[in-house]
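Contents: one structure, followed by commentary.
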Amino acid sequence: MRVSGDADLLGELAEFFGYDSISLVDRIRQAVMRKDSEELDKAAHGLKGSVLNFGAKTLADVAQAVTGQAKGDRGRPSKRDPSG
């Protein structure tokens with residue numbers, strides 16, 4: 001992540017990431033418990049974007065795998081998608 005040496009900005013971003021990631025992981029956990037593939041996909045996608053901002057490629061790959069699982073590994077719409 002590039003913050004041009006601005007330690008305050010980095011600190012603010014890290015603090016936001018901490019709160020946001022906790023919320024996203026909780027959404028993922030709840031979606032799994034409810035078997036809600038659409039919400040699982042959205043939350044995992046959000047987590048992937050957040051961790052990539054900090055260069056956490058391995059964690060982003062895990063989040064990408066979760067989105068693949070939520071879509072049935074074939075990109076099919078979830079069962080809650082009225083168009084599917």
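The values are calculated or read from the model by the stated rules, or taken from the named source; none is laboratory data. The structure displayed is predicted, hence computed values, not measured ones. Methodologically, a virtual Cβ is constructed for each residue, glycine included, from the backbone with ideal geometry; neighbour enumeration extends over all protein chains shown.
Does region 59-67 contain at least one residue that is over 25 Å from Leu9 (Cβ atoms), of a type in the set (Ser, Thr, Tyr), assigned to a helix (DSSP H, G or I) and free of Cβ contacts under 8 Å to residues at least 60 places away in the same chain? Yes, region 59-67 contains at least one residue that is over 25 Å from Leu9 (Cβ atoms), of a type in the set (Ser, Thr, Tyr), assigned to a helix (DSSP H, G or I) and free of Cβ contacts under 8 Å to residues at least 60 places away in the same chain.
For region 1-48, a residue qualifies if it is surrounded by 16 or more Cβ atoms within 10 Å (Cβ to Cβ) and of a type in the set (Lys, Arg), and the qualifying residues are Arg27, Lys42, Lys48.
For (1) at pLDDT 85 or above; (2) at negative phi, each residue gets a yes or a no:
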residue	(1), (2)
Asp20	yes, yes
Ser37	yes, yes
Leu47	yes, yes
Ser50	yes, yes
Asn53	no, yes
Ala63	yes, yes
Gly72	no, no
